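Dumping the structure here so I can ask a few things about it.
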Amino acid sequence: MPVDQPVQLDAVTLYQHNLTTPYYLLHRRVVSLQDKVILDVGCGSGYTSLRLAIANPGAKVIGVDVSPTSITMARERLAQAQHLPVEFHVLSVEELPTLEMQFDYINCDEVLYILPDPAAALRVMKRMLKPCGILRANLHSAIQRQHFYRAQQMLSLLGVFHEKAGATETNLVREVMTAMPDWVDLKEKTWTPDASGQVSDQMIRMNYLLQGDKGYTIPELFALLNSVGLRLVDMVNWQQWNLPLLFGSLEEMPAWIGFTLPQFSYEKQLQLYELIHPIHRLLDFWCTHTETQPAGPLPFHWCLPGLKLSDRIFLHPQLQTATARADLEDCIAHNRPFALEPHLPILGAKPILLDSRLAACLLPLWDRPHTVEAIAQLWQHLHPLHPCTLSPISLDNALEAVSDLLEMLLPDLYVMVEPHD
């Protein structure tokens, strides 16, 4: 990203970078971002570090990279930002302990798969992670990228794939791939021109000439985490790992599949998904210390918690915008359905269109969290009579309506329910 390019604030990226999301998946608590400290490992020119700061107001971000040139660019980028609490240091992963700090959240994006020993890097980062902290990292998928690894081997045999590959080698790759007829398997699987018919130099370097590039499978990911004393919290894009969807609707799914899948471990479910439908370049995950106990069975989205009147309902920070609120108010005023997707278009999430009468119960959450009981009482106030019998709506009836609403919104964390101790 050019240093003078403003940081793009798309809702999905901020949703993934917001510590609220993984923290709730792990602890079933809505974390306060105030005074949290975030480490961005392999920060490059600082673009993601600034996104982390914007996604987590009140937190401090420290970006580190082994490249002095990258850190110089990162500081130039920061100078153009508006007083974001970010600082940058030239450090390798091995030198992280010199910071003499522990972190609430560590972001290590697009780094592990090019390191000679990712386990050693994870061990260092684990030492820097607070006991209840969360680490986000990712590995290249060996299955999804298998054709690019074939291409790298081919280019190695041709003498093009080496550590000093630059502009000359990039042009040679373009010549080789362009010369191949379209029916050649490797070209068909890997060469994807854009709308103008071109493949950029960046795409060639990232895929055909990337040095140290290694791929991993889901079992290898779990084995790696286990070897360093970490455990999975969830996949960062967990909505896109929905295994039952690969077998069609419930009506179309073979009965024995529907019976078998829920009995599999989450690791086995992820492994099956990747074998059947390997669309993810990255095995992108959140993890934490093995000793950190989850608040309930993982993954969260397969087991929704029971509701109590005293539980508090929070709106996800990335949905809590003035634009979303204005749209909701307009839908309520004109009796139109309210769509969440335009305001937080989470990839893989089920599209939700809320009846305006039900969506009206969400409106108070833009101001502050409310208890389940308070939202149920609001429903009673808005709909005091049963539309068929004209009998008064009881609190139990209202709770049922609120429960239906939360069951739609909780799996993708549009809202979060914090249990009352």
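The values are calculated or read from the model by the stated rules, or taken from the named source; none is laboratory data. What you see is a predicted model, and the numbers here were worked out from it, not measured in a lab. In this analysis, Cβ positions are derived from the backbone assuming ideal geometry, glycine residues included, and neighbour counts consider all displayed protein chains. For the accessible areas, the whole protein counts, side chains as well, though only heavy atoms, and no ligand, DNA or RNA atoms are used. Shrake-Rupley method; radii C 1.70, N 1.55, O 1.52, S 1.80 Å.
What list of ³J(HN,Hα) couplings, whole Hz, do you get for the stretch 191-208 from phi and the Karplus terms 6.51, -1.76, 1.60, once you set θ to phi - 60° and write x for glycine and proline?
Each residue's phi maps through the Karplus curve to give 8, 10, x, 7, 4, 8, x, 10, 10, 5, 4, 4, 5, 5, 5, 6, 10, 8 Hz.
Next up: Which whole-number percentage describes the relative contact order of the stretch 1-126, with Cα contacts under 8 Å and a sequence gap of 6 or more? Working shown, then result.
On the way: 195 pairs, mean separation 31.4, N = 126.
Relative contact order here is 25 percent.
Skip the ligands, DNA and RNA, and give the accessible area per residue of the stretch 324-377 with a 1.4 Å probe, whole Å².
Working: 2650 Å² over 54 residues.
I get 49 Å² per residue for the stretch 324-377.
Something else about it: Run the numbers on the stretch 156-274 and let me know its relative contact order in percent, using alpha-carbon pairs under 8 Å that are six or more apart. Please report the intermediate quantities before stating the final value.
Working: 51 pairs, mean separation 26.6, N = 119.
Here the relative contact order equals 22 percent.
Students often get this wrong: which residues of the stretch 26-55 have the backbone nitrogen under 13 Å from the point 7 angstrom along Cα-to-C-beta of residue 76?
45-46, by backbone N distance to the label point.
Where is the GNM fluctuation largest for the chain (alpha-carbon springs, 10 angstrom cutoff): 103, 314, 148?
Comparing 103, 314, 148 in the GNM, the peak value goes to 148.
Using a ≥ b ≥ c from the Cα gyration tensor of the stretch 286-412 (square roots of the eigenvalues), is it rounded, prolate or oblate, where a/c under 1.5 gives rounded and otherwise the larger of a/b and b/c decides, a/b for prolate?
Numbers: a/c = 2.10, a/b = 1.36, b/c = 1.54.
Oblate, because a/c is 1.5 or more while a/b does not exceed b/c.
What is the helix-to-structure angle for 218-227, meaning the angle in degrees between its Cα long axis and the longest Cα principal axis of the chain, kept from 0 to 90 and rounded to the nearest 10?
Once rounded, the angle reads 90 degrees.
Tally Lys/Arg at +1 and Asp/Glu at -1 over every other residue whose Cβ is under 12 Å from the Cβ of residue 43; what's the total? Show your work: numbers first, answer last.
Values: positive: 51, 75, 77; negative: 40, 65, 87, 109, 110.
Net of charged neighbours comes to -2.
Under a point-charge model restricted to the Cβ atoms of Lys and Arg (+1) and Asp and Glu (-1), what is the dipole moment magnitude of the chain relative to its Cα centre, in debye to the nearest 20? Working shown, then result.
Values: 30 positive and 46 negative charges, 101 e Å.
That gives the chain a dipole magnitude of about 480 debye.
Between residue 32 and residue 265, what is the spin-label point distance in nm, taking each point 7 Å from the Cα along the Cα→C-beta axis?
Each label point lies 7 Å from its Cα, and together they span 3.8 nm.
Sticking with this one: Which three extents, in whole angstrom, do the alpha-carbon atoms of the chain cover along their principal axes, largest first?
Principal extents (largest minus smallest coordinate, Cα): 81, 52, 44 Å.
Moving on. From the helices alone, meaning DSSP H stretches of at least four residues, give me the mean residue ellipticity at 222 nm for the chain, per-run term -39500 (n - 2.57), in deg cm²/dmol to the nearest 500. Write down the numbers at each step before the final one.
Details: 16 runs with 154 residues, N = 421.
Here the helix-only value at 222 nm equals -10500 deg cm²/dmol.
Express the accessible area of the stretch 82-122 per residue in Å², computed with a 1.4 Å probe while the remaining protein chains stay in the model.
Values: 1990 Å² over 41 residues.
Value returned for the stretch 82-122: 49 Å² of accessible area per residue.
Relative contact order for the chain using alpha-carbon pairs under 8 Å, separation at least 6, rounded to a whole percent?
For the chain, the relative contact order is 16 percent.
Also, quick follow-up: Structure shown: which of 126/214; 126/268; 187/214; 60/126; 126/308; 36/350 lie over 29 Å apart, alpha-carbon to alpha-carbon? Could you put the intermediate results ahead of the total?
On the way: 126/214 22 Å; 126/268 25 Å; 187/214 21 Å; 60/126 19 Å; 126/308 36 Å; 36/350 31 Å.
Correct reply: 126/308; 36/350.
Highest mean first, how do 371-383, 254-266, 153-165 rank when packing is the count of other Cβ atoms within 10 Å averaged over residues?
Details: 371-383: 17.9, 254-266: 11.1, 153-165: 13.1.
Highest mean packing first, the order is 371-383, 153-165, 254-266.
Around residue 289, with a cut-off of 10 angstrom between Cβ atoms, what is the net charge of the other residues, counting Lys and Arg +1 and Asp and Glu -1?
On the way: positive: 126, 130, 231; negative: 291.
That sum, taken over residues with Cβ under 10 Å, equals +2.
Please report the carbon-and-sulfur percent of the accessible area for the chain; probe 1.4 Å, protein heavy atoms only, DNA, RNA and ligands left out. Kindly include the intermediate steps, with their values, before the conclusion.
Details: 11470 of 20390 Å².
Carbon and sulfur atoms account for 56 percent of the accessible area of the chain.
Measure nothing fancy, just the Cα-based angle from helix 146-157's long axis to the longest principal axis of the chain, in degrees from 0 to 90, nearest 10.
10 degrees
Of the options 263, 223, 54, report the single residue whose Cα projects farthest towards the positive end of the charge dipole of the chain (beta-carbon charges: Lys, Arg +1; Asp, Glu -1).
223
To the nearest 20 Debye, how big is the dipole of the stretch 310-371 about its Cα centre, given +1 on the beta carbon of each Lys and Arg and -1 on that of each Asp and Glu?
100 debye
Still on this structure, please answer the following. Quick check: pseudo-label points 7 Å beyond the Cα along Cα→Cβ at residue 154 and residue 226, how many nm apart are they?
Each label point is offset 7 Å from its Cα along the Cβ direction, giving 3.7 nm.
Please list 291, 251 in order of solvent-accessible area, largest first, computed with a 1.4 Å probe with all protein chains present. Show your work: numbers first, answer last.
Numbers: 291 125, 251 155 Å².
In descending accessible area the options line up as 251, 291.
Between residue 171 and residue 291, what length in nm is gained on full extension when 0.36 nm per residue of separation is reduced by their alpha carbon distance? Walk me through the numbers on the way to the answer.
Details: separation 120, 0.36 × 120 = 43.20 nm, distance 5.02 nm.
The span from residue 171 to residue 291 would gain 38.2 nm if fully extended.
What ³J(HN,Hα) values, in whole Hz, does the Karplus curve 6.51 cos²θ - 1.76 cosθ + 1.60 give for the stretch 231-247 when θ = phi - 60°, with x put for Gly and Pro?
9, 5, 8, 4, 6, 4, 9, 4, 5, 9, 10, 7, 4, x, 4, 6, 10
Another question, if that's okay. Applying a 10 Å radius around every beta-carbon, put 389-401, 37-49 in order of their mean neighbour count, most first.
Details: 389-401: 13.7, 37-49: 24.5.
Highest to lowest by the protection proxy: 37-49, 389-401.
Could you work out how far helix 372-382 tilts from the main Cα principal axis of the chain, as a 0 to 90 degree angle to the nearest 10?
Long axis of 372-382 versus the principal axis of the chain: about 60 degrees.
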